[in-house]
Amino acid sequence: MSILRLLVSAVVAIGLFFLFLRYIEIRTIFYPTKELASFPDRADLYFQDVFFRTAQDIHIQLNGWFIPCKDAKYTVLFCHGNAGNISHRIEKLKFFNGLGYNVFIFDYEGYGKSQGKPSETNLYRDARAAYEYLLSRDITSDKVIGYGESIGGAVIVDLASRQAMKAMILDSTFTSTKDMVRYAYPFLPYWIFSSRFDSEAKIRNIKIPKLIIHSQDDEIVPFQMGRKLYEVSAQPKEFLKIHGGHNSNFFESAESLREKISNFIRDLT
């Protein structure tokens with residue numbers, strides 16, 4: 001075989017390898033489900049089924065639920081994790097609504113009834129569109145509390161680094177894709193992943209009140225990542241250590257969460 005053929009074969013092999021890695025990256029980070037498993041009214045929650053569009057691409061329509069609460073002072077902008085869709089968070093919607101707040105949860109592109117495809121950039125623009133939807137309802141920025149679970153925490157951090165809001169709550173959030181790759185796939189160089197989700201860098205300059213929640217038993221996102229986000233973040237900030245698995249700690253630590261989140265939001269005034 002000639003040197004030219006060897007070079008061409010090598011280039012093709014490398015190209016295919018990187019395409020494979022991109023495929024693995026997408027499949028590793030995003031697990032969208034299209035079918036909605038339930039609706040808030042089945043949990044005795046009144047809700048408004050909302051459709052809105054991203055400013056960057058008006059052809060992309062997103063879907064969300066707005067759950068109002070009478071005389072609510074704040075609205076929780078809820079960014080969910082990387083799996084399922086909004087219908088798998090109804091217990092959390094009931095939790096925040098039961099504390100006396102409006103809740104707006106939406107599906108990222110490719111999740112539930114939302115059009116498009118998920119990516120880091122698209123998740124950020126989806127959150128921006130959801131935020132702007134709240135403003136269109138005459139909910140001012142100082143009445144918005146960002147809440148993000150897991151990858152949704154990275155989305156809220158990015159939004160808070162660009163837009164004003166009253167406070168943010170991060171639940172089981174990782175520091176960056178780089179750190180997660182090093183933890184979950186130590187045999188792979190982190191730089192081959194295009195996604196960054198670098199919350200550690202962004203959170204340093206966010207001055208609003210922050211509550212960072214992480215379980216000491218989290219088997220997916222190490223507890224140390226939650227602590228690291230807390231340590232590098234600017235004041236004012238609070239940290240709550242809970243127990244339970246990554247997807248079960250909300251139920252296993254319900255009382256601790258209710259007390260801490262209630263006090264955190266109450267003290268904002």
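The values are calculated or read from the model by the stated rules, or taken from the named source; none is laboratory data. Computed from a predicted structure; not experimentally measured. Note that we place each Cβ from the backbone using ideal geometry, even for glycine, and neighbour counts take in every protein chain shown. Keep in mind that these areas ignore ligands, DNA and RNA; they rest on the heavy atoms of the full protein, side chains included. Shrake-Rupley method; radii C 1.70, N 1.55, O 1.52, S 1.80 Å.
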Reduced to Cα centres, the span from segment 31-90 to segment 141-191 in Å works out to 19
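Run the accessible area of the chain with a 1.4 Å probe and give the carbon-and-sulfur part as a rounded percent.
Working: 7030 of 12900 Å².
Carbon-and-sulfur percentage of accessible area, whole number: 55.
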Simple spin-label estimate for GLN115/PHE187, 7 Å along Cα→Cβ, in nm, reads 4.2
Most packed first (mean Cβ within 10 Å per residue), the peptides 257-268, 167-178, 61-72 order as 167-178, 61-72, 257-268
Gyration tensor on Cα atoms of segment 88-174, a ≥ b ≥ c root eigenvalues, a/c under 1.5 rounded, else prolate if a/b beats b/c, else oblate, says rounded
Applying the gyration tensor rule to the Cα atoms of segment 181-254 (axes a ≥ b ≥ c; rounded if a/c under 1.5, else prolate if a/b exceeds b/c, else oblate), the class is oblate
Straight-line reach check, LYS143, cutoff 15 Å on alpha carbons, 8 or more apart in-chain or any other chain, hits among aspartates and glutamates -> ASP71, GLU132, ASP267
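Please tell me which of these pairs span more than 29 angstrom C-alpha to C-alpha: LYS92/LYS113; LYS113/LYS210; LYS113/LYS260; LYS73/LYS207; LYS73/LYS117; LYS92/LYS202? Before the final figure, lay out each step's value.
Details: LYS92/LYS113 20 Å; LYS113/LYS210 31 Å; LYS113/LYS260 33 Å; LYS73/LYS207 21 Å; LYS73/LYS117 34 Å; LYS92/LYS202 26 Å.
Too far apart for the 29 Å limit: LYS113/LYS210; LYS113/LYS260; LYS73/LYS117.
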Once both label points are put 7 Å beyond Cα along the C-beta direction, the SER141-GLU219 separation in nm becomes 4.2
Taking Cα atoms, the helix 3-29 axis meets the longest principal axis of the chain at an angle in degrees (rounded to 10) of 20
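What FRET efficiency comes out for the pair ASP44/LEU268, r = Cβ-Cβ distance, R0 = 22 Å, nearest 0.05?
Values: r = 27 Å, r/R0 = 1.25.
Between ASP44 and LEU268 the formula returns 0.20.
Highest mean first, what order results for 202-215, 34-47, 224-237 on Cβ atoms within 10 Å? Kindly include the intermediate steps, with their values, before the conclusion.
Numbers: 202-215: 20.2, 34-47: 13.1, 224-237: 17.4.
Going by the mean number of other Cβ atoms within 10 Å, highest first, we get 202-215, 224-237, 34-47.
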